[in-house]
6 protein chains.
Amino acid sequence: MFSVTVRDHIMVAHSFTGEVFGPAQRLHGATFVVDATFRRAELDADNIVVDIGRASEQLHAICGALSYRNLDGEPDFKGVNTSTEFLAKVIADRLADAARAGELGAGARDLTGISVTLHESHIAWASYERTL
Amino acid sequence: MFSVTVRDHIMVAHSFTGEVFGPAQRLHGATFVVDATFRRAELDADNIVVDIGRASEQLHAICGALSYRNLDGEPDFKGVNTSTEFLAKVIADRLADAARAGELGAGARDLTGISVTLHESHIAWASYERTL
Amino acid sequence: MFSVTVRDHIMVAHSFTGEVFGPAQRLHGATFVVDATFRRAELDADNIVVDIGRASEQLHAICGALSYRNLDGEPDFKGVNTSTEFLAKVIADRLADAARAGELGAGARDLTGISVTLHESHIAWASYERTL
Amino acid sequence: MFSVTVRDHIMVAHSFTGEVFGPAQRLHGATFVVDATFRRAELDADNIVVDIGRASEQLHAICGALSYRNLDGEPDFKGVNTSTEFLAKVIADRLADAARAGELGAGARDLTGISVTLHESHIAWASYERTL
Amino acid sequence: MFSVTVRDHIMVAHSFTGEVFGPAQRLHGATFVVDATFRRAELDADNIVVDIGRASEQLHAICGALSYRNLDGEPDFKGVNTSTEFLAKVIADRLADAARAGELGAGARDLTGISVTLHESHIAWASYERTL
Amino acid sequence: MFSVTVRDHIMVAHSFTGEVFGPAQRLHGATFVVDATFRRAELDADNIVVDIGRASEQLHAICGALSYRNLDGEPDFKGVNTSTEFLAKVIADRLADAARAGELGAGARDLTGISVTLHESHIAWASYERTL
């Protein structure tokens, strides 16, 4: 099994609902360093997993649509706790949509999985992994 | 599949028995930077894998019970080589016990796995992963 | 010249005023991983720069007073761009105040400098250094 | 499941064939920081996954045979795109050969898997994992 | 004293002349992760050291002009050992030229220093620092 | 001003004397990741700060003489608190002795400074810097 990972980041404001979140119920913010991993069983004719240029561009576009925003005010996240693990899924699902729409190139048809890790600090991170 | 990871560390002395360990047969020590990962298939009602505050506290308590000690003299490790991989299992098992005892909150009932990685230097680390 | 550094972090929301900030003029947020460095010419009688326990506690208290907040609404930062470099100075000055107030122990009288670095992402950070 | 990872690195020149590679079609180079992971279900009689000294030596020997070279001129890679993901497989397969040849010690008979990650920069890396 | 640092990278081929370089006399390559630091005594009217967007763009342009190349064939480096420390100076000097030419904005007139660090692997890096 | 840094590590046991050390008064241990930096004003005839091969070898030899030991029992450290900052000085001074003894090559005569940083965990490190 092969994989390729590219890294980008987002900087967002948000707040959480629920006692479990303690002081994070207040409006605060986070930098999430975002690692997106693409998996497949065999390499393509160019000997790669995915066009790393396209993968980076797609991840950058998806990060750009989330970054420098207050997620509490985004229609997509109305009434939702935008936890680190939840945002990992949002980004993984958007990358999966991009792959299916051909945005990662024809070779990306053979990708079998995507996982996304969001690092919220030097002592905490969260991941979501899915098939394609 | 979702996961959340929290980081802590321990600083211990120990020695190893067996020729394979070379100079590490002498009493020496290590800082282990400890990454504990909690896994589950779906997020809970708060949209999280686990209460990260409780998870950090449990990991800190488990690390505190190991740290600033000579492991050679600890009853739990009598006659045992406290290798990095072995200590990863010790910490993972103690976290699993805490989860089952409710120390990570009610939502932690749905955790399906725990893995622990111990970084012993910038060039070596070891992991143990288990189901719950 | 000796130094000791301890690390903590804050998670804040804020926005900036001024065209130079582009999309960061919108309310957004950041995790700042905070490194606080204490300097002195010679070690004290215990052979250390500073009581690392007290230094960590003071840094944690200062970080706690900033974290999980929208800095735009904090009286201390009214009408101020809370840039990474500016926040580095805020934390360094508060640590200097703590040192002078004896919060870092008697030995901290001989500290000659403090510097603070705030990492805002994997590709950007800022620092402020001052004498004591 | 237990694992142990050791880190080394190589510094190589190479070029790629295929439009997908853009400017990387020109002769250029890379440092690959190489992480080799060894897996097994249970620890051996010494309480370890593998003799970490031998594992490091084997990885160092394999890295040495690749490093400080122009891979375009190496007979093993004639007409091949030596992508990061491909090189991860090369190193994993050579480690698997070493394990089978007894170079990692008798205990390495019970290894069940090897994975190799090559970090090509702070924003991209690739992995290959295989059974033994 | 304040500073801001931004990170980028280059991937180059090169070889060295001189016995001191051992196997690095052969054509090989490196990824250099490049950290560029800008210093000034006081913050500007926007409360920043430098427009971080422009600083990142300039660094990216300078890195782009060096990357995906065999430095042995570049006219600028004819007969020169393009060591890590030397390349740090090349990039710092080009950033200084950009600052003086106004490419970092009007506020960059008050920058007092630039330093550049190039990380060549997880175990080696080099820096050059200069005044402006 | 130019500098080159190389990294190695040591794994030691030790204990501290003095209330300020709290639980670290017990016999415990640490991995210290060691960064040694060599400085000079101008590059030598080979366009380098120091022969990086020799610098790495000397650092490795100095680390080897400290590692896999209980520092409490070492004659050199009798009755001394082997704090992180103190050990940084020990290593820096030994590197300075090696430079003066010609162990870093003839070019090392023009080194003007050495600094050493010891990372004791992901949240604490200490440094010592000196002239040559």
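Kindly evaluate D:Arg7 against the criterion of being among the basic types (Lys, Arg) and in a helix (DSSP H, G or I). The answer is no for D:Arg7. Looking only at residues in the range C:25-54 that are open to solvent by less than 30 Å² (accessible area, probe 1.4 Å), in contact with a Gly (Cβ under 9 Å, 6 or more places away or on another chain) and of a type in the set (A, V, I, L, M, F, W, C), the one that is farthest from C:Asp110 (Cα to Cα) is C:Ala30. Of all residues in the range D:67-78, those that are buried (at least 20 other Cβ atoms within 10 Å of the Cβ) have Cβ atoms under 6 Å from Cβ atoms of residues that are outside any helix (DSSP H, G or I) and hydroxyl-bearing (Ser, Thr, Tyr), 6 or more apart or on another chain, in D:Leu71/D:Thr82.
On the basis of being outside any strand (DSSP E or B) and of a type in the set (Asp, Glu), does E:Glu129 make the cut? Step through it out loud before you land on a result.
Working: outside any strand (DSSP E or B): no; of a type in the set (Asp, Glu): yes.
So E:Glu129 fails the test.
Has the range F:57-72 got at least one residue that is at the interface with another protein chain (Cβ under 10 Å from one of its Cβ atoms), closer than 30 Å to C:Gly107 by Cα, in contact with a Phe, Trp or Tyr (Cβ under 9 Å, 6 or more places away or on another chain) and among the charged types (D, E, K, R)? No. For the range E:41-58, residues that are under 16 Å from C:Glu120 (Cβ atoms) and outside any loop (DSSP other than H, G, I, E, B) total 4. In the range A:26-42, the residues that are more than 7 Å from every other protein chain (Cβ to nearest Cβ) and over 17 Å from A:Glu85 (Cα atoms) form Cβ pairs under 7 Å with partners that are part of a strand (DSSP E or B) and open to solvent by 10 Å² or more (accessible area, probe 1.4 Å), at six or more places apart or across chains, as follows: A:Phe38/A:Ser3; A:Arg39/A:Ser3.
Taking the conditions (1) in contact with a strand residue (DSSP E or B) (Cβ under 7 Å, 6 or more places away or on another chain); (2) part of a helix (DSSP H, G or I) in turn, A:Ala61 satisfies each one other than (1).
Per-residue answers, yes or no, for (1) under 30 Å from F:Ser15 (Cβ atoms); (2) at pLDDT below 95; (3) aliphatic (A, V, I, L, M):
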{"position": "C:Ser15", "(1), (2), (3)": "no, no, no"}
{"position": "C:Thr31", "(1), (2), (3)": "no, no, no"}
{"position": "C:Arg39", "(1), (2), (3)": "yes, no, no"}
{"position": "C:Ile48", "(1), (2), (3)": "yes, no, yes"}
{"position": "C:Leu66", "(1), (2), (3)": "no, no, yes"}
{"position": "C:Phe86", "(1), (2), (3)": "no, no, no"}
{"position": "C:Asp110", "(1), (2), (3)": "yes, yes, no"}
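Of all residues in the range C:66-86, those satisfying the criterion of being within 13 Å of C:His28 (Cα to Cα), not in a loop (DSSP other than H, G, I, E, B) and not acidic (Asp, Glu) are C:Arg69, C:Asn70, C:Leu71. Restricting D:Val34, D:Val80 to those that are of a type in the set (Val, Ile, Thr) and touching a Cys at 6+ places or on another chain (Cβ under 9 Å) reduces the list to D:Val34. Does the range D:93-106 contain any residue that is outside any loop (DSSP other than H, G, I, E, B) and either in contact with a Phe, Trp or Tyr (Cβ under 7 Å, 6 or more places away or on another chain) or more than 30 Å from B:Gly18 (Cβ to Cβ) (or both)? No, the range D:93-106 has no match at all. Scanning the range F:10-20 for residues that are open to solvent by less than 30 Å² (accessible area, probe 1.4 Å) and not in a loop (DSSP other than H, G, I, E, B) yields a total of 5. Among the criteria (1) free of Cβ contacts under 8 Å to residues at least 40 places away in the same chain; (2) farther than 30 Å from A:Ala108 by Cβ; (3) within 14 Å of chain C (Cβ to nearest Cβ), the one A:Thr5 does not fulfil is (2). Restricting attention to the range C:87-104, the residues that are under 16 Å from E:Glu42 (Cα atoms) and open to solvent by 40 Å² or more (accessible area, probe 1.4 Å) total 1. Looking only at the range E:114-128, residues that are more than 19 Å from E:Ser67 (Cα to Cα), open to solvent by less than 10 Å² (accessible area, probe 1.4 Å) and facing chain F (nearest Cβ under 9 Å) come to 1 in all.
The values are calculated or read from the model by the stated rules, or taken from the named source; none is laboratory data. Small disclaimer: the values here were computed from a predicted structure and weren't measured. Methodologically, a virtual Cβ is constructed for each residue, glycine included, from the backbone with ideal geometry; neighbour enumeration extends over all protein chains shown. Surface accessibility is based on the protein's heavy atoms, side chains included, excluding ligands, DNA and RNA. Shrake-Rupley method; radii C 1.70, N 1.55, O 1.52, S 1.80 Å.
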